[in-house]
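Take a look at the structure below.
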Number of protein chains: 2
Amino acid sequence: MSNPTAAMLVIGDEILSGRTRDANMHYLAGELTTHGIDLREVRVVSDDAPAIVAAVRALSDGYEHVFTSGGIGPTHDDITADCIAEAFGASIDVREDARALLAAHYERQGSELNEARLRMARIPEGASLIDNPVSIAPGFTLENVHVMAGVPSVFKAMVASVLPTLTGGAPLLSQSLRIDRGEGDIAGPLGKLAADFPDLSIGSYPFQKDGAYGANIVIRGHDGAQIDAAIVRLAAEMGA
Amino acid sequence: MSNPTAAMLVIGDEILSGRTRDANMHYLAGELTTHGIDLREVRVVSDDAPAIVAAVRALSDGYEHVFTSGGIGPTHDDITADCIAEAFGASIDVREDARALLAAHYERQGSELNEARLRMARIPEGASLIDNPVSIAPGFTLENVHVMAGVPSVFKAMVASVLPTLTGGAPLLSQSLRIDRGEGDIAGPLGKLAADFPDLSIGSYPFQKDGAYGANIVIRGHDGAQIDAAIVRLAAEMGA
(Lines give C-alpha, C1' and ligand atoms only; values in the text may rest on other atoms or scores of the structure.)
Protein backbone atom coordinates (compact mmCIF):
# COMPACT_ATOMS: atom_id res chain seq x y z
CA MET A 1 0.00 0.00 0.00
CA SER A 2 2.41 2.61 -1.21
CA ASN A 3 1.55 6.24 -1.75
CA PRO A 4 0.67 7.71 -5.15
CA THR A 5 3.72 9.00 -7.04
CA ALA A 6 4.11 12.42 -8.60
CA ALA A 7 6.43 14.55 -10.68
CA MET A 8 6.59 18.29 -11.23
CA LEU A 9 7.41 20.18 -14.42
CA VAL A 10 8.53 23.79 -14.03
CA ILE A 11 8.33 25.74 -17.30
CA GLY A 12 10.30 28.93 -17.60
CA ASP A 13 13.39 30.51 -19.13
CA GLU A 14 13.62 32.86 -16.17
CA ILE A 15 14.55 30.00 -13.81
CA LEU A 16 17.17 28.53 -16.16
CA SER A 17 18.80 31.91 -16.82
CA GLY A 18 19.20 32.52 -13.09
CA ARG A 19 17.00 35.62 -13.16
CA THR A 20 14.34 34.16 -10.88
CA ARG A 21 14.71 31.67 -8.09
CA ASP A 22 11.92 29.13 -8.29
CA ALA A 23 9.62 29.05 -5.26
CA ASN A 24 6.89 26.69 -6.44
CA MET A 25 8.93 23.48 -6.28
CA HIS A 26 9.64 23.86 -2.59
CA TYR A 27 6.03 24.77 -1.87
CA LEU A 28 4.56 21.86 -3.82
CA ALA A 29 7.05 19.41 -2.29
CA GLY A 30 5.87 20.29 1.20
CA GLU A 31 2.18 20.15 0.30
CA LEU A 32 2.49 16.76 -1.41
CA THR A 33 4.42 15.31 1.53
CA THR A 34 1.66 16.42 3.87
CA HIS A 35 -0.99 14.99 1.55
CA GLY A 36 0.72 11.59 1.27
CA ILE A 37 1.77 11.88 -2.37
CA ASP A 38 5.42 11.03 -3.07
CA LEU A 39 7.16 13.61 -5.24
CA ARG A 40 9.77 11.55 -7.10
CA GLU A 41 11.13 13.88 -9.76
CA VAL A 42 11.17 17.52 -10.83
CA ARG A 43 12.16 18.81 -14.24
CA VAL A 44 12.73 22.41 -15.25
CA VAL A 45 12.58 23.17 -18.97
CA SER A 46 12.59 26.38 -21.01
CA ASP A 47 9.72 28.00 -22.94
CA ASP A 48 10.38 25.63 -25.83
CA ALA A 49 7.50 23.57 -27.26
CA PRO A 50 9.37 20.35 -28.13
CA ALA A 51 11.06 20.31 -24.71
CA ILE A 52 7.75 20.84 -22.90
CA VAL A 53 5.88 18.21 -24.94
CA ALA A 54 8.61 15.60 -24.44
CA ALA A 55 8.80 16.22 -20.68
CA VAL A 56 5.01 16.07 -20.26
CA ARG A 57 4.85 12.73 -22.07
CA ALA A 58 7.75 11.22 -20.12
CA LEU A 59 6.48 12.35 -16.72
CA SER A 60 2.83 11.49 -17.44
CA ASP A 61 3.90 7.96 -18.39
CA GLY A 62 6.20 7.56 -15.39
CA TYR A 63 4.15 8.87 -12.48
CA GLU A 64 0.57 8.85 -11.26
CA HIS A 65 0.33 12.65 -11.13
CA VAL A 66 2.17 15.48 -12.87
CA PHE A 67 1.96 19.08 -11.68
CA THR A 68 3.14 21.87 -13.98
CA SER A 69 4.00 25.46 -13.11
CA GLY A 70 4.22 28.36 -15.55
CA GLY A 71 3.38 29.46 -19.06
CA ILE A 72 -0.41 29.84 -18.97
CA GLY A 73 -0.75 33.64 -19.17
CA PRO A 74 -1.81 35.87 -22.10
CA THR A 75 1.57 36.65 -23.71
CA HIS A 76 3.36 35.11 -26.71
CA ASP A 77 5.71 33.10 -24.46
CA ASP A 78 2.79 31.35 -22.71
CA ILE A 79 2.66 28.11 -24.66
CA THR A 80 1.99 25.52 -21.97
CA ALA A 81 -1.70 24.84 -22.72
CA ASP A 82 -0.97 24.21 -26.40
CA CYS A 83 1.94 21.92 -25.47
CA ILE A 84 -0.20 19.86 -23.10
CA ALA A 85 -2.83 19.46 -25.80
CA GLU A 86 -0.14 18.35 -28.26
CA ALA A 87 1.35 15.90 -25.77
CA PHE A 88 -1.99 14.09 -25.52
CA GLY A 89 -3.14 14.59 -29.12
CA ALA A 90 -6.09 16.69 -27.90
CA SER A 91 -7.57 19.63 -29.75
CA ILE A 92 -7.54 23.04 -28.05
CA ASP A 93 -9.72 26.11 -28.40
CA VAL A 94 -11.39 28.84 -26.36
CA ARG A 95 -13.89 27.11 -24.09
CA GLU A 96 -17.18 28.74 -23.15
CA ASP A 97 -17.03 28.17 -19.39
CA ALA A 98 -13.50 29.56 -19.16
CA ARG A 99 -14.41 32.48 -21.43
CA ALA A 100 -17.40 33.30 -19.22
CA LEU A 101 -15.21 33.36 -16.10
CA LEU A 102 -12.79 35.80 -17.76
CA ALA A 103 -15.57 37.96 -19.26
CA ALA A 104 -17.21 38.45 -15.87
CA HIS A 105 -13.86 39.17 -14.21
CA TYR A 106 -12.72 41.80 -16.71
CA GLU A 107 -16.15 43.42 -16.76
CA ARG A 108 -15.96 43.85 -12.97
CA GLN A 109 -12.49 45.32 -13.42
CA GLY A 110 -13.59 47.61 -16.25
CA SER A 111 -10.97 46.04 -18.54
CA GLU A 112 -11.44 44.66 -22.01
CA LEU A 113 -11.46 40.90 -22.68
CA ASN A 114 -9.16 41.33 -25.65
CA GLU A 115 -7.61 38.71 -27.90
CA ALA A 116 -4.56 38.26 -25.64
CA ARG A 117 -6.64 37.70 -22.51
CA LEU A 118 -8.92 35.34 -24.42
CA ARG A 119 -5.88 33.10 -24.91
CA MET A 120 -6.25 32.20 -21.23
CA ALA A 121 -9.60 30.56 -22.02
CA ARG A 122 -7.93 28.11 -24.43
CA ILE A 123 -8.44 24.74 -22.76
CA PRO A 124 -7.59 21.33 -24.25
CA GLU A 125 -10.55 19.10 -25.12
CA GLY A 126 -11.51 16.82 -22.24
CA ALA A 127 -9.81 18.85 -19.51
CA SER A 128 -11.48 19.94 -16.27
CA LEU A 129 -10.83 23.44 -14.92
CA ILE A 130 -8.80 24.24 -11.80
CA ASP A 131 -10.25 27.12 -9.80
CA ASN A 132 -8.13 30.29 -9.47
CA PRO A 133 -9.57 32.55 -6.77
CA VAL A 134 -6.63 34.97 -7.07
CA SER A 135 -6.69 36.11 -10.69
CA ILE A 136 -9.60 34.05 -12.14
CA ALA A 137 -7.90 32.66 -15.30
CA PRO A 138 -8.21 28.93 -14.61
CA GLY A 139 -5.70 26.12 -14.65
CA PHE A 140 -6.81 22.71 -15.87
CA THR A 141 -6.35 18.98 -15.43
CA LEU A 142 -5.95 16.81 -18.55
CA GLU A 143 -5.47 13.07 -17.99
CA ASN A 144 -3.06 12.94 -15.01
CA VAL A 145 -1.49 16.37 -15.60
CA HIS A 146 -2.47 19.35 -13.46
CA VAL A 147 -1.58 22.61 -15.21
CA MET A 148 -1.06 25.64 -12.98
CA ALA A 149 0.26 29.19 -13.18
CA GLY A 150 3.82 30.19 -12.31
CA VAL A 151 3.08 33.31 -10.26
CA PRO A 152 3.59 31.94 -6.73
CA SER A 153 0.39 33.35 -5.19
CA VAL A 154 -1.68 31.92 -8.03
CA PHE A 155 0.22 28.62 -8.00
CA LYS A 156 -0.52 28.20 -4.29
CA ALA A 157 -4.20 28.95 -4.78
CA MET A 158 -4.43 26.39 -7.58
CA VAL A 159 -2.64 23.74 -5.51
CA ALA A 160 -5.20 24.40 -2.78
CA SER A 161 -7.97 23.88 -5.37
CA VAL A 162 -6.63 20.66 -6.83
CA LEU A 163 -5.07 18.76 -3.91
CA PRO A 164 -8.31 18.01 -2.03
CA THR A 165 -9.62 16.29 -5.19
CA LEU A 166 -6.74 13.79 -5.22
CA THR A 167 -6.53 10.65 -3.13
CA GLY A 168 -3.46 10.83 -0.95
CA GLY A 169 -1.76 8.15 1.09
CA ALA A 170 -0.27 8.16 4.54
CA PRO A 171 1.53 11.44 5.23
CA LEU A 172 5.28 11.08 5.23
CA LEU A 173 6.39 11.55 8.85
CA SER A 174 9.84 12.66 9.84
CA GLN A 175 11.99 13.32 12.87
CA SER A 176 15.43 14.82 12.88
CA LEU A 177 18.43 14.81 15.18
CA ARG A 178 21.28 17.28 15.02
CA ILE A 179 24.66 15.73 15.71
CA ASP A 180 27.65 17.97 16.25
CA ARG A 181 30.18 15.60 14.76
CA GLY A 182 31.51 15.21 11.24
CA GLU A 183 29.61 12.88 8.94
CA GLY A 184 32.70 10.70 8.67
CA ASP A 185 32.45 9.88 12.39
CA ILE A 186 28.80 8.88 12.28
CA ALA A 187 28.57 7.20 8.88
CA GLY A 188 29.27 3.70 10.23
CA PRO A 189 26.49 3.52 12.87
CA LEU A 190 24.16 5.38 10.51
CA GLY A 191 24.64 2.79 7.77
CA LYS A 192 23.86 -0.01 10.25
CA LEU A 193 20.75 1.84 11.41
CA ALA A 194 19.58 2.18 7.81
CA ALA A 195 20.14 -1.55 7.25
CA ASP A 196 18.16 -2.44 10.40
CA PHE A 197 15.21 -0.20 9.47
CA PRO A 198 14.68 -0.92 5.75
CA ASP A 199 11.23 0.71 5.71
CA LEU A 200 12.63 4.07 6.84
CA SER A 201 14.55 6.58 4.77
CA ILE A 202 17.52 7.86 6.75
CA GLY A 203 19.24 10.93 5.35
CA SER A 204 22.32 12.78 6.54
CA TYR A 205 22.61 16.48 5.71
CA PRO A 206 26.01 17.83 6.67
CA PHE A 207 26.71 21.42 7.65
CA GLN A 208 29.64 23.53 8.73
CA LYS A 209 29.06 26.24 11.27
CA ASP A 210 31.74 28.45 12.81
CA GLY A 211 34.35 26.02 11.53
CA ALA A 212 32.77 22.99 13.22
CA TYR A 213 31.27 20.06 11.33
CA GLY A 214 27.87 18.59 12.06
CA ALA A 215 24.99 16.83 10.38
CA ASN A 216 21.23 16.83 10.62
CA ILE A 217 19.98 13.27 10.48
CA VAL A 218 16.45 13.05 9.13
CA ILE A 219 14.47 9.83 9.47
CA ARG A 220 11.34 9.57 7.33
CA GLY A 221 8.65 6.97 6.97
CA HIS A 222 4.97 6.22 7.37
CA ASP A 223 5.18 4.39 10.73
CA GLY A 224 5.65 6.82 13.60
CA ALA A 225 6.57 4.10 16.12
CA GLN A 226 9.40 2.84 13.91
CA ILE A 227 10.72 6.37 13.49
CA ASP A 228 10.62 6.82 17.29
CA ALA A 229 12.57 3.60 17.79
CA ALA A 230 15.23 4.56 15.25
CA ILE A 231 15.67 8.05 16.67
CA VAL A 232 15.99 6.72 20.23
CA ARG A 233 18.65 4.22 19.16
CA LEU A 234 20.55 6.84 17.17
CA ALA A 235 20.50 9.32 20.06
CA ALA A 236 21.79 6.63 22.43
CA GLU A 237 24.59 5.61 20.07
CA MET A 238 25.66 9.18 19.44
CA GLY A 239 25.41 10.22 23.06
CA ALA A 240 23.15 13.05 21.88
CA MET B 1 27.92 29.92 -33.42
CA SER B 2 25.64 29.02 -30.58
CA ASN B 3 26.69 28.59 -26.99
CA PRO B 4 27.46 25.23 -25.39
CA THR B 5 24.41 23.62 -23.81
CA ALA B 6 24.15 22.26 -20.30
CA ALA B 7 21.83 20.45 -17.91
CA MET B 8 21.88 20.08 -14.15
CA LEU B 9 20.98 17.06 -12.05
CA VAL B 10 20.14 17.70 -8.39
CA ILE B 11 20.25 14.53 -6.29
CA GLY B 12 18.47 14.53 -2.98
CA ASP B 13 15.43 13.28 -1.12
CA GLU B 14 15.53 16.36 1.08
CA ILE B 15 14.57 18.63 -1.84
CA LEU B 16 11.72 16.40 -3.00
CA SER B 17 10.28 16.01 0.50
CA GLY B 18 10.18 19.78 0.93
CA ARG B 19 12.56 19.71 3.87
CA THR B 20 15.25 21.75 2.14
CA ARG B 21 14.89 24.46 -0.47
CA ASP B 22 17.49 23.93 -3.18
CA ALA B 23 19.96 26.79 -3.56
CA ASN B 24 22.45 25.30 -6.02
CA MET B 25 20.22 25.44 -9.08
CA HIS B 26 19.76 29.18 -8.87
CA TYR B 27 23.48 29.71 -8.23
CA LEU B 28 24.62 27.51 -11.11
CA ALA B 29 22.08 29.08 -13.48
CA GLY B 30 23.53 32.53 -12.87
CA GLU B 31 27.14 31.38 -13.20
CA LEU B 32 26.49 29.53 -16.46
CA THR B 33 24.65 32.50 -17.95
CA THR B 34 27.64 34.72 -17.15
CA HIS B 35 30.02 32.15 -18.61
CA GLY B 36 28.09 31.82 -21.87
CA ILE B 37 26.82 28.28 -21.32
CA ASP B 38 23.07 27.78 -21.90
CA LEU B 39 21.37 25.86 -19.09
CA ARG B 40 18.52 24.09 -20.89
CA GLU B 41 17.16 21.63 -18.34
CA VAL B 42 17.31 20.76 -14.66
CA ARG B 43 16.18 17.50 -13.10
CA VAL B 44 15.78 16.71 -9.43
CA VAL B 45 15.75 13.01 -8.48
CA SER B 46 15.82 11.15 -5.18
CA ASP B 47 18.67 9.12 -3.65
CA ASP B 48 17.68 6.15 -5.80
CA ALA B 49 20.30 4.45 -7.96
CA PRO B 50 18.16 3.53 -11.02
CA ALA B 51 16.70 7.06 -11.12
CA ILE B 52 20.15 8.67 -10.91
CA VAL B 53 21.70 6.38 -13.53
CA ALA B 54 18.84 6.94 -15.99
CA ALA B 55 18.95 10.71 -15.56
CA VAL B 56 22.75 10.87 -15.96
CA ARG B 57 22.57 8.89 -19.21
CA ALA B 58 19.70 10.96 -20.64
CA LEU B 59 21.25 14.32 -19.79
CA SER B 60 24.78 13.31 -20.82
CA ASP B 61 23.43 12.27 -24.23
CA GLY B 62 21.30 15.37 -24.64
CA TYR B 63 23.60 18.20 -23.63
CA GLU B 64 27.26 19.19 -23.92
CA HIS B 65 27.76 19.50 -20.17
CA VAL B 66 26.00 18.03 -17.14
CA PHE B 67 26.51 19.38 -13.62
CA THR B 68 25.39 17.29 -10.66
CA SER B 69 24.81 18.40 -7.07
CA GLY B 70 24.64 16.13 -4.03
CA GLY B 71 25.32 12.64 -2.78
CA ILE B 72 29.13 12.47 -2.64
CA GLY B 73 29.71 12.45 1.15
CA PRO B 74 30.71 9.57 3.44
CA THR B 75 27.30 8.23 4.50
CA HIS B 76 25.21 5.29 3.24
CA ASP B 77 22.89 7.59 1.29
CA ASP B 78 25.79 9.04 -0.75
CA ILE B 79 25.59 6.93 -3.89
CA THR B 80 26.25 9.44 -6.65
CA ALA B 81 29.84 8.40 -7.52
CA ASP B 82 28.84 4.75 -7.92
CA CYS B 83 25.84 5.75 -10.06
CA ILE B 84 27.99 7.89 -12.36
CA ALA B 85 30.42 4.98 -12.79
CA GLU B 86 27.50 2.67 -13.60
CA ALA B 87 26.01 5.13 -16.08
CA PHE B 88 29.24 5.06 -18.10
CA GLY B 89 30.19 1.41 -17.48
CA ALA B 90 33.34 2.55 -15.64
CA SER B 91 34.89 0.74 -12.70
CA ILE B 92 35.19 2.61 -9.40
CA ASP B 93 37.54 2.27 -6.46
CA VAL B 94 39.51 4.33 -3.95
CA ARG B 95 42.03 6.32 -5.95
CA GLU B 96 45.47 7.11 -4.57
CA ASP B 97 45.54 10.85 -5.32
CA ALA B 98 42.13 11.38 -3.74
CA ARG B 99 43.08 9.19 -0.76
CA ALA B 100 46.24 11.25 -0.24
CA LEU B 101 44.27 14.51 -0.22
CA LEU B 102 41.93 13.16 2.44
CA ALA B 103 44.72 11.57 4.52
CA ALA B 104 46.62 14.86 4.72
CA HIS B 105 43.44 16.78 5.56
CA TYR B 106 42.30 14.50 8.37
CA GLU B 107 45.83 14.29 9.77
CA ARG B 108 45.90 18.11 10.00
CA GLN B 109 42.52 17.97 11.72
CA GLY B 110 43.57 15.18 14.07
CA SER B 111 40.71 13.00 12.81
CA GLU B 112 40.88 9.44 11.60
CA LEU B 113 40.60 8.59 7.90
CA ASN B 114 38.15 5.79 8.62
CA GLU B 115 36.28 3.53 6.23
CA ALA B 116 33.37 5.95 5.85
CA ARG B 117 35.60 8.91 4.99
CA LEU B 118 37.58 6.76 2.58
CA ARG B 119 34.39 6.35 0.55
CA MET B 120 34.93 9.96 -0.54
CA ALA B 121 38.12 8.83 -2.34
CA ARG B 122 36.14 6.44 -4.56
CA ILE B 123 36.53 7.91 -8.06
CA PRO B 124 35.37 6.30 -11.31
CA GLU B 125 38.11 5.14 -13.66
CA GLY B 126 39.10 7.82 -16.15
CA ALA B 127 37.73 10.77 -14.17
CA SER B 128 39.66 13.93 -13.35
CA LEU B 129 39.32 15.50 -9.90
CA ILE B 130 37.57 18.79 -9.14
CA ASP B 131 39.32 20.82 -6.48
CA ASN B 132 37.47 21.45 -3.21
CA PRO B 133 39.21 24.16 -1.19
CA VAL B 134 36.42 24.18 1.42
CA SER B 135 36.33 20.62 2.75
CA ILE B 136 38.98 18.88 0.59
CA ALA B 137 37.00 15.77 -0.50
CA PRO B 138 37.10 16.25 -4.29
CA GLY B 139 34.45 16.26 -6.94
CA PHE B 140 35.22 14.78 -10.34
CA THR B 141 34.55 15.07 -14.04
CA LEU B 142 33.82 11.88 -16.01
CA GLU B 143 33.12 12.29 -19.73
CA ASN B 144 30.91 15.41 -19.88
CA VAL B 145 29.53 15.10 -16.34
CA HIS B 146 30.84 17.32 -13.54
CA VAL B 147 30.05 15.80 -10.15
CA MET B 148 29.87 18.19 -7.21
CA ALA B 149 28.79 18.26 -3.58
CA GLY B 150 25.37 19.41 -2.40
CA VAL B 151 26.44 21.57 0.56
CA PRO B 152 26.06 25.06 -0.97
CA SER B 153 29.45 26.44 0.15
CA VAL B 154 31.23 23.39 -1.27
CA PHE B 155 29.12 23.40 -4.43
CA LYS B 156 30.06 27.01 -5.08
CA ALA B 157 33.76 26.31 -4.55
CA MET B 158 33.62 23.38 -6.97
CA VAL B 159 31.79 25.44 -9.61
CA ALA B 160 34.57 28.02 -9.26
CA SER B 161 37.12 25.23 -9.81
CA VAL B 162 35.48 23.71 -12.86
CA LEU B 163 33.98 26.62 -14.80
CA PRO B 164 37.28 28.25 -15.87
CA THR B 165 38.27 24.92 -17.49
CA LEU B 166 35.22 24.97 -19.79
CA THR B 167 34.95 26.90 -23.03
CA GLY B 168 32.04 29.29 -22.78
CA GLY B 169 30.31 31.30 -25.45
CA ALA B 170 29.03 34.83 -25.54
CA PRO B 171 27.51 35.81 -22.20
CA LEU B 172 23.75 36.07 -22.32
CA LEU B 173 22.90 39.77 -21.96
CA SER B 174 19.60 41.05 -20.69
CA GLN B 175 17.68 44.23 -20.04
CA SER B 176 14.36 44.53 -18.34
CA LEU B 177 11.52 47.03 -18.27
CA ARG B 178 8.83 47.19 -15.63
CA ILE B 179 5.41 47.99 -17.00
CA ASP B 180 2.59 48.86 -14.61
CA ARG B 181 -0.16 47.41 -16.74
CA GLY B 182 -1.72 43.98 -16.84
CA GLU B 183 -0.15 41.42 -19.17
CA GLY B 184 -3.40 41.26 -21.12
CA ASP B 185 -2.96 44.91 -22.15
CA ILE B 186 0.61 44.53 -23.38
CA ALA B 187 0.52 41.04 -24.88
CA GLY B 188 -0.35 42.26 -28.40
CA PRO B 189 2.58 44.70 -28.88
CA LEU B 190 4.87 42.29 -27.06
CA GLY B 191 4.08 39.46 -29.47
CA LYS B 192 4.79 41.76 -32.45
CA LEU B 193 8.10 42.80 -30.86
CA ALA B 194 9.07 39.15 -30.41
CA ALA B 195 8.23 38.45 -34.05
CA ASP B 196 10.33 41.43 -35.23
CA PHE B 197 13.37 40.39 -33.14
CA PRO B 198 13.61 36.63 -33.70
CA ASP B 199 17.17 36.44 -32.30
CA LEU B 200 16.06 37.82 -28.93
CA SER B 201 14.18 36.01 -26.20
CA ILE B 202 11.42 38.23 -24.83
CA GLY B 203 9.84 37.09 -21.59
CA SER B 204 6.96 38.57 -19.61
CA TYR B 205 6.86 37.95 -15.86
CA PRO B 206 3.63 39.19 -14.33
CA PHE B 207 3.24 40.37 -10.78
CA GLN B 208 0.57 41.74 -8.51
CA LYS B 209 1.47 44.37 -5.98
CA ASP B 210 -0.97 46.18 -3.68
CA GLY B 211 -3.80 44.93 -5.87
CA ALA B 212 -2.36 46.39 -9.09
CA TYR B 213 -1.18 44.28 -12.02
CA GLY B 214 2.17 44.70 -13.74
CA ALA B 215 4.82 42.76 -15.60
CA ASN B 216 8.57 42.77 -15.85
CA ILE B 217 9.58 42.37 -19.46
CA VAL B 218 13.00 40.78 -19.84
CA ILE B 219 14.77 40.85 -23.20
CA ARG B 220 17.74 38.50 -23.55
CA GLY B 221 20.23 37.84 -26.29
CA HIS B 222 23.86 37.96 -27.30
CA ASP B 223 23.74 41.24 -29.28
CA GLY B 224 23.61 44.27 -26.99
CA ALA B 225 22.65 46.69 -29.78
CA GLN B 226 19.61 44.60 -30.74
CA ILE B 227 18.51 44.46 -27.10
CA ASP B 228 18.87 48.24 -26.87
CA ALA B 229 16.74 48.72 -29.97
CA ALA B 230 14.02 46.39 -28.71
CA ILE B 231 13.89 48.01 -25.26
CA VAL B 232 13.69 51.52 -26.76
CA ARG B 233 10.82 50.48 -29.03
CA LEU B 234 8.98 48.77 -26.18
CA ALA B 235 9.37 51.77 -23.88
CA ALA B 236 8.06 54.09 -26.58
CA GLU B 237 5.05 51.86 -27.32
CA MET B 238 4.20 51.47 -23.65
CA GLY B 239 4.73 55.11 -22.80
CA ALA B 240 7.10 53.90 -20.06
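The values are calculated or read from the model by the stated rules, or taken from the named source; none is laboratory data. What you see is a predicted model; the values in this text were computed from it and never measured. In this analysis, Cβ positions are derived from the backbone assuming ideal geometry, glycine residues included, and neighbour counts consider all displayed protein chains.
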* Structure fact -> residue B:10 vs (1) touching a helix residue (DSSP H, G or I) at 6+ places or on another chain (Cβ under 8 Å); (2) more than 10 Å from chain A (Cβ to nearest Cβ): all pass except (2)
* Is it the case that residue A:161 is polar (S, T, N, Q), over 24 Å from the mean Cα position of the chain (by Cα) and outside any strand (DSSP E or B)? -> no
* Structure fact -> Given (1) of a type outside the set (S, T, N, Q); (2) part of a loop (DSSP other than H, G, I, E, B); (3) touching a residue at least 60 places away in the same chain (Cβ under 8 Å); (4) over 30 Å from residue A:152 (Cβ atoms), residue B:171 misses just (4)
* To do: May I ask you to list the residues in the range B:100-152 that are of a type in the set (S, T, N, Q) and touching a residue at least 60 places away in the same chain (Cβ under 8 Å)?
  => B:144
* Asked: Within the range A:31-49, restricting attention to residues that are in a helix (DSSP H, G or I) and modelled with pLDDT of 95 or more, which residue is surrounded by the most Cβ atoms within 10 Å (Cβ to Cβ)?
  -> A:32
* Does residue A:59 count as within 8 Å of another protein chain (Cβ to nearest Cβ), closer than 21 Å to residue A:167 by Cβ and buried (at least 24 other Cβ atoms within 10 Å of the Cβ)? -> no
* Asked: Quick one: what pairs do we get from the range B:196-217, first residue more than 11 Å from chain A (Cβ to nearest Cβ), second assigned to a strand (DSSP E or B), C-beta under 7 Å, 6+ apart or different chains?
  -> B:199/B:221; B:200/B:219; B:200/B:220; B:200/B:221; B:214/B:178; B:214/B:179; B:214/B:207
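Based on this model, can you work out whether residue A:69 counts as touching a strand residue (DSSP E or B) at 6+ places or on another chain (Cβ under 6 Å) and surrounded by fewer than 17 Cβ atoms within 10 Å (Cβ to Cβ)? Even if it seems obvious, please write down each step before you answer.
Working: touching a strand residue (DSSP E or B) at 6+ places or on another chain (Cβ under 6 Å): yes; surrounded by fewer than 17 Cβ atoms within 10 Å (Cβ to Cβ): no.
No: the conditions fail for residue A:69.
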* the range A:217-240 - residue that is modelled with pLDDT of 90 or more and over 22 Å from residue A:33 (Cα atoms) and, of those, surrounded by the fewest Cβ atoms within 10 Å (Cβ to Cβ) -> A:236
* **Of all residues making up the range A:201-222, the number that are out of contact with any His (no Cβ under 9 Å at 6 or more places or on another chain) and more than 19 Å from residue B:152 (Cα to Cα)** => 5
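Please determine whether any residue of the range B:129-152 is part of a loop (DSSP other than H, G, I, E, B), more than 14 Å from chain A (Cβ to nearest Cβ) and in contact with a Pro (Cβ under 9 Å, 6 or more places away or on another chain). Please lay out each step first, then the result.
Here is the first cut: in the range B:129-152, the ones part of a loop (DSSP other than H, G, I, E, B) are B:131-138, B:143-144, B:149-151.
Imposing the further condition that a residue be more than 14 Å from chain A (Cβ to nearest Cβ) reduces the set to B:131, B:138, B:143-144.
With in contact with a Pro (Cβ under 9 Å, 6 or more places away or on another chain) added as a condition, the list becomes B:131.
Checking the range B:129-152: at least one residue is part of a loop (DSSP other than H, G, I, E, B), more than 14 Å from chain A (Cβ to nearest Cβ) and in contact with a Pro (Cβ under 9 Å, 6 or more places away or on another chain).
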* Asked: Would you pick out the residues in the range A:178-216 that are surrounded by 16 or more Cβ atoms within 10 Å (Cβ to Cβ) and either aliphatic (A, V, I, L, M) or outside the structural domain of residue A:230 (by TED's automatic domain parsing) (or both)?
  -> A:179, A:186, A:187, A:190, A:193, A:194, A:200, A:202, A:215
* To do: Could you pull out the residue among B:82, B:77 that is within 11 Å of another protein chain (Cβ to nearest Cβ), touching a strand residue (DSSP E or B) at 6+ places or on another chain (Cβ under 7 Å) and either within 21 Å of residue B:157 (Cα to Cα) or of a type outside the set (Ser, Thr, Tyr) (or both)?
  => B:77
* Asked: Inside the range A:13-54, can you point out the residues that are more than 28 Å from residue B:219 (Cβ to Cβ) and more than 10 Å from chain B (Cβ to nearest Cβ)?
  -> A:35, A:36, A:37
* Structure fact -> Scanning the range B:111-128 residue by residue, the ones that are among the acidic types (Asp, Glu) and not in a helix (DSSP H, G or I) total 2
* If we scan the range A:150-167, do we find a residue that is crowded, with 21+ Cβ neighbours inside 10 Å and closer than 15 Å to residue A:95 by Cβ? -> no
* Selection from the range A:61-80 of residues that are more than 19 Å from residue A:134 (Cα to Cα) and not in a strand (DSSP E or B) -> A:61, A:62, A:63, A:64, A:76, A:77, A:79, A:80
